[in-house]
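Peer 1: Below is the structure I would like to discuss, written out as structure tokens.
The values are calculated or read from the model by the stated rules, or taken from the named source; none is laboratory data. Model, not experiment: these values are computed from the prediction. Here the Cβ is made from the backbone with ideal geometry for all residues, glycine too, and neighbour counts use every protein chain on show.
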Amino acid sequence: MSSATQAPPTNRRWWALALIAAAQFMVIMDTSIIGVALPQMQADLRLTQENLSWVFNAYVVALGGLLLLGGRLSDLLGARRVFGTGWGILLVGSAVAGAAGTVGIELAGRAVQGVGAALIAPAALTLLMMLFGSSPKELTKALALYGAAAPAGGTAGVFLGGVITQYLSWPWVFYINIPVALVALAATPALMPAGGAGGRGSVDVFGALTVTGGLAAVVYGVVRAPEIGWAAVGTWLALGIGAALLVVFFIIQASRREPLMRLSILRTPNLGAANLAQLLLGGAWIPMWFFLNLYLQQVLGYSAFPSGAALVPMTMLIMIGMIVLAPAMINRFGPKALIVTGLAILAAGMGWLSLISPNGSYAVDVLPASLVAALGMSLAFIPSLGTAISSAPPEEGGLAAGIVNTSYQVGSALGLAAMTALAASYGADQLGNAIALTDGFSAAFLGAGAIALAGALLAAITLRRNPSSADAPQPTSDTTT
């Protein structure tokens, strides 16, 4: 912690932690709260099934692509300043997304929300360390509360999305951010410590733009392919531009003295393998959550509130599994065994979900399979995240946290893009045709299961050993829905 840091009085630090946890809560809630609202948004904005995925991906691509930049800005400009700026940007993006009357404005608002979240998330963790880093006992307690805010946000988002969409309207899933952001902006100067800015160094803006643009182009190419054809010039042009931008990003990182991401860190034992597990975990989980929302509403005919309530058991199990079950099992079996087992269980749940039918029911087709998938997610997420962070040297823990956040978000975006394309090729673009929709959603579940199974196999091969439980800390980043 910088000597220039001016921490607030002790009796106010826990109020500051409440605001930091609220930031974690909101960043995750903004990914999950839209799920139940998607069908109504689709009808009002006349979105295709392919374009619908961009309501999620516009946020995730901006968040995942700019997280490393947000962390760098926090180091250079001061965490409190970046934290407040992020809330201001999130407020603007939420207002635009809620007021949108066209597809373009809606996606622009979601992207702006993602930019704000990419500033808030790393700054929040930096502020937490500034406030509690001098006391190991208090730091452990603070990190536990901070980590619990992620699954809480995911759970609340699913339920609130149903309530808001059913009894108000879908724009309010975005407008709900505005009063929270106003409170955060008012409270930040009084609660958060000043200082902490390095004051020197450069910001790799070009690197951030290339990785974000590259990711967006690849996702665009994959999502558009079923509509215009995989052999179409537009498909290959988008994929080629995306690949070229990503190559440029890695060239920049290898050549700059102060890159966003020091590439040699990926050679740290187990760090790359754990990040690969997180990438594939996001690539499997987010498509399942996305298409399960659509199956409940577009095939089973659930309205918004029952659809949101139907997913609460799954998200509650994730919360319990991450906070209670996973840490105990890490102590007994070690992280590697849990990562492999969790991904395999997730794959099994996806395979079960792929058996959905056009005349199915929640109790038979959705609930048991979704609980199996949720169990797998909760078991794999904690140890893969902890291994990724703990594998890096202590002085690069922040960089490791930023990389693993990025890995999960990038996996989420690419996985959803690929499964959207797969679902469309099997009929998920035929709105009103329950049989075709079910075939498409089933293909997406099966494809997501294959991603999870690949993750289990690769984790079994690439993770070198089982670090001790002390080497696998509780999560301190914001990556789960």
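Peer 1: Quick one: Ala436 ticks every box in (1) in contact with a helix residue (DSSP H, G or I) (Cβ under 8 Å, 6 or more places away or on another chain); (2) under 26 Å from Arg224 (Cβ atoms) bar one, so which box is it?
Peer 2: Of everything listed in (1) in contact with a helix residue (DSSP H, G or I) (Cβ under 8 Å, 6 or more places away or on another chain); (2) under 26 Å from Arg224 (Cβ atoms), Ala436 misses just condition (1).
Peer 1: Given (1) in the same structural domain as Ala434 (by TED's automatic domain parsing); (2) hydrophobic (A, V, I, L, M, F, W, C); (3) surrounded by fewer than 18 Cβ atoms within 10 Å (Cβ to Cβ), where does Leu271 come up short, assuming only one miss?
Peer 2: Only one criterion is unmet by Leu271, namely (3).
Peer 1: Can you name the condition, by its number, that Ile164 falls short on among (1) crowded, with 23+ Cβ neighbours inside 10 Å; (2) within 22 Å of Gly116 (Cα to Cα); (3) at pLDDT 85 or above?
Peer 2: Condition (2) is where Ile164 drops out.
Peer 1: Moving to a separate point now. Return a yes/no flag: does the stretch 331-347 have any residue that is part of a helix (DSSP H, G or I), out of contact with any His (no Cβ under 7 Å at 6 or more places or on another chain) and within 30 Å of Gly432 (Cα to Cα).
Peer 2: If we filter the stretch 331-347 for residues that are part of a helix (DSSP H, G or I), which is where we start, we get 331-333, 335-347.
Now drop any that are not out of contact with any His (no Cβ under 7 Å at 6 or more places or on another chain), which leaves 331-333, 335-347.
From what's left, within 30 Å of Gly432 (Cα to Cα): 346-347.
Yes, the stretch 331-347 has at least one match.
Peer 1: Of the numbered conditions (1) within 22 Å of Leu457 (Cα to Cα); (2) modelled with pLDDT under 95; (3) surrounded by fewer than 24 Cβ atoms within 10 Å (Cβ to Cβ), Val404 satisfies every one except a single condition; which is it?
Peer 2: (3)
Peer 1: Still on this structure: For the stretch 214-232, indicate whether the set of residues that are surrounded by fewer than 16 Cβ atoms within 10 Å (Cβ to Cβ), more than 19 Å from the chain's Cα centre (by Cα) and not in a loop (DSSP other than H, G, I, E, B) is non-empty.
Peer 2: Yes, because at least one residue in the stretch 214-232 is surrounded by fewer than 16 Cβ atoms within 10 Å (Cβ to Cβ), more than 19 Å from the chain's Cα centre (by Cα) and not in a loop (DSSP other than H, G, I, E, B).
Peer 1: Just need a number here: residues in the stretch 252-265 that are farther than 18 Å from Gly65 by Cβ and in a helix (DSSP H, G or I).
Peer 2: Going through the stretch 252-265 one residue at a time, the tally reaches 4.
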